[in-house]
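Colleague: The structure is given below, and queries will be raised subsequently.
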Amino acid sequence: MSGKKDRARAEARAPRTNAPPRVSEPTGIAAPLNPRRIGAYLGLAVLGALVSLAGSLVQGAWFPGGLLLALAGAAGVFYGGRVLTRTQLGAFAPAVGWLIAVVVALNGRPEGDYLFGGGDEIDLALFVLGGMVIAVICATLSKGPVSANDQERSGR
């Protein structure tokens, strides 16, 4: 019984001489636009902006715990976007939303008030620089996690 299975597997792996040539799908920038993927990136950017605004309020309230909580939230959104989309742009989209929201929150009003809670400028610098470092780390990870059921494992 196993002999038949082995022959069937060998025949399935053998190249067919009369098969038409395969045309591979373009990937990356050359791939056609997908409305669902664009919507996912826009949603991740909005989520990154919301996490940024929440983090800007928390980081000044409970230093240093609030700063760590804000950066952990940012890392969760960046890495979650990376895993969700399986692309580097998945981590980059929420990072862009996060950074835009930080810049808008830093603009302030003519009276001199701005959204960030009272505290030292060191707190603010750690929040902004830490968030940017985490965004770069999440965007430059080599690959997302591989599940045990994934058929594209190395070694096969």
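Colleague: For every other residue with a beta carbon closer than 15 angstrom to the beta carbon of residue 34, add +1 if it is Lys or Arg and -1 if Asp or Glu, then tell me the sum.
Modeller: Taking every Cβ under 15 Å from that of residue 34, the sum is +2.
Colleague: I need the peptides 127-140, 88-101 ranked by packing, meaning the mean over residues of other C-beta atoms within 10 angstrom, with the highest value on top.
Modeller: 88-101, 127-140
Colleague: Across 5 Å bins from the origin, how do the percents of Cα pairs in the stretch 26-66 run, short distances first?
Modeller: 6, 20, 14, 15, 12, 10, 9, 7, 7, 2
Colleague: Still on this structure: With N residues in the stretch 62-112, what two-decimal value do you get for its Cα radius of gyration over 2.2 N^0.38 Å?
Modeller: Working: Rg = 13.6 Å, N = 51, 2.2 N^0.38 = 9.8 Å.
Scaled against compact globular proteins, the figure is 1.39.
Colleague: Now, a different point. Roughly how many nanometres apart are two label points built 7 Å out from the Cα toward the Cβ at residue 136 and residue 34?
Modeller: 2.9
Taken together, the values in this text are just the output of simple stated rules run on the coordinates, not laboratory data. Model, not experiment: these values are computed from the prediction. FYI the Cβ positions are ideal-geometry reconstructions off the backbone, even for glycines, and counts take in every protein chain you see.
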